[in-house]
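Before any comments, here is the structure.
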Amino acid sequence: MKIRSIYILILCCLLNMKSYAQIKSKDGSILAPTPPMGWMTWNYFADNINEQNIMEIADAMLSSGLLNAGYNYIFIDDGWQGGRDNRNNIIADPKKFPSGIIALAEYVHRKGLKLGIYSDAALLTCSGYTASLGFEEQDAKTFASWGIDYLKYDYCSAPDDLETAKIRYKTMNDALRNSGRAIAFGICEWGGRKPWLWAAQTGGQLWRTTNDVRDKWKRRGVEEGGEGILDIVDINASLDQYAGPGHWNDMDMLVVGLNGKKGPSGDLGGTGCTNIEYQSQMSLWSIMASPLAATNDLRKMDEETKRILLNKEVIAINQDVLGKQAVRKVNDENWTILLKPLQNGDYALAILNRTETSQIRVCDFSSLGLNGIYQIRDLWQHQVVGKDKKWKGSVDAHETKLFRLIKIN
Ligand code: GLA
């Protein structure tokens with residue numbers, strides 16, 4: 001009897017492990033083996049989207065080098081919906097998408113991009129458009145027939161309790177898995193129900209860990225609301241154990257290059273960041289293995305924005321196939337230090353100055369558990385800046401130094 005119970009327990013564990021991170025596409029590869037990268041419509045266009053501006057962005061993803069750097073998704077966010085037809089099929093707004101989503105998907109696929117779409121686990125989305133509750137099977141099949149590769153599934157207008165959230169997300173996941181197409185599943189309930197504890201089991205490849213990002217460094221007082229870059233870092237940094245290939249903590253969109261442009265990220269104090277802060281966001285999202293979804297107007301990018309978004313050495317840290325989220329090693333009033341092991345035995349090291357002035361920092365690698373001598377490569381300067389057991393240098397206010405440490409002996 002005892003042996004039988006143990007056998008059942010092991011079987012349950014194995015089955016559970018299978019549902020955890022092992023959603024496979026037709027060719028047998030898992031979905032989202034590295035954090036998805038792309039561009040999301042929301043924070044620049046809000047719901048003023050249409051096929052013309054999305055095709056222009058698709059063109060810009062190629063001409064700017066973003067696709068070549070790994071950003072291969074266009075994620076259509078809220079505002080594409082035009083209700084349901086007389087058979088209850090969800091349809092795109094015919095004014096915004098006169099050629100239809102199939103034509104748009106073909107356009108982006110021809111360019112080597114993938115297409116994401118958005119819905120919500122209730123009757124209405126966050127911006128009041130038609131959502132999928134009760135129509136999960138039908139909508140998943142519609143998305144599959146359109147050639148959709150990714151679904152962001154929001155949670156506005158849905159009940160607060162955890163059990164309902166789990167059921168609603170699992171229902172849509174099962175519908176996607178039954179749709180005949182490998183559609184990655186992004187869970188977006190903003191972290192309130194600790195999705196890192198259950199979202200992978202309900203089929204998600206990623207889950208938002210916080211409320212919506214705003215175009216600001218940090219919240220100025222609780223009453224302001226909205227998450228700045230530092231607010232999100234502080235929530236996400238303790239969740240490293242939950243991330244891995246096929247299941248990622250999603251820190252929300254990169255606000256890099258928005259430069260205080262209005263749009264949703266401009267609310268709640270989102271008046272813009274400095275380029276040092278945008279560069280920090282890119283470093284911190286990368287070392288924490290977050291999905292990287294730009295949301296600025298790619299058709300008009302200044303050189304600084306391109307330099308930040310297109311840094312291939314930084315992107316390589318994010319896309320490292322070992323799939324570890326950095327561990328937070330130091331966290332005090334002045335400093336946050338994060339360390340991420342990489343597939344080839346190197347480490348990525350981020351040193352963030354949280355204060356309002358430039359500071360000198362000594363970082364002894366042995367205090368991080370790294371013994372020996374390391375070659376220290378600065379991934380923003382693109383050069384080796386030392387061979388040592390430690391790094392010492394000046395870090396500007398809100399700056400994040402990002403290094404690759406390569407063991408010498
Ligand atoms: C929520 C999400 C955002 C965006 C909007 C769209 O706020 O968290 O990322 O999708 O809805 O309405």
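The values are calculated or read from the model by the stated rules, or taken from the named source; none is laboratory data. All values reported here derive from a predicted model rather than from experimental measurement. As a convention, Cβ positions derive from the backbone with ideal geometry for all residues, glycine included, and neighbour counts pool all protein chains shown. Accessible surface is based on the protein model in full, side chains and every heavy atom, while ligands, DNA and RNA are left aside. Shrake-Rupley method; radii C 1.70, N 1.55, O 1.52, S 1.80 Å.
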Criterion violated by Glu136 - all others in (1) on the phi < 0 side of the Ramachandran plot; (2) within 16 Å of the ligand (Cβ to nearest atom) satisfied: (2)
Residue that is most open to solvent (accessible area, probe 1.4 Å), among those in segment 209-238 that are touching a residue at least 24 places away in the same chain (Cβ under 8 Å) and in contact with a Ser or Thr (Cβ under 6 Å, 6 or more places away or on another chain): Ile235
Search result, residues across segment 170-201 that are farther than 14 Å from Asp139 by Cβ and among the small types (Gly, Ala, Ser): Ala182, Ala184, Gly186, Gly191, Gly192, Ala199, Ala200
Any hit, segment 327-338, residues being of a type in the set (Phe, Trp, Tyr) and under 13 Å from Val233 (Cα atoms): yes
Contacts under 6 angstrom Cβ, first residue in segment 148-169 being within 15 Å of the ligand (Cβ to nearest atom), partner of a type in the set (Asp, Glu), 6 or more apart: Asp154/Asp120; Tyr155/Glu189; Cys156/Asp120; Ala165/Glu189
Among (1) open to solvent by less than 20 Å² (accessible area, probe 1.4 Å); (2) among the aromatic types (Phe, Trp, Tyr); (3) in contact with an Asp or Glu (Cβ under 8 Å, 6 or more places away or on another chain) - the single one Tyr129 does not satisfy: (1)
Candidate set: segment 163-189, residues that are out of contact with any helix residue (DSSP H, G or I) (no Cβ under 6 Å at 6 or more places or on another chain) and of a type in the set (Ser, Thr, Tyr); chosen: the one least open to solvent (accessible area, probe 1.4 Å): Tyr169
Yes/no for Asn249 being assigned to a strand (DSSP E or B) and either open to solvent by less than 30 Å² (accessible area, probe 1.4 Å) or in contact with a Cys (Cβ under 7 Å, 6 or more places away or on another chain) (or both): yes
Criterion violated by Phe45 - all others in (1) surrounded by fewer than 22 Cβ atoms within 10 Å (Cβ to Cβ); (2) of a type in the set (A, V, I, L, M, F, W, C); (3) more than 21 Å from Lys262 (Cβ to Cβ); (4) modelled with pLDDT of 95 or more satisfied: (3)
Complete set of residues in segment 220-239 that are at pLDDT below 95 and not in a helix (DSSP H, G or I): Arg220, Gly221, Gly225, Gly226
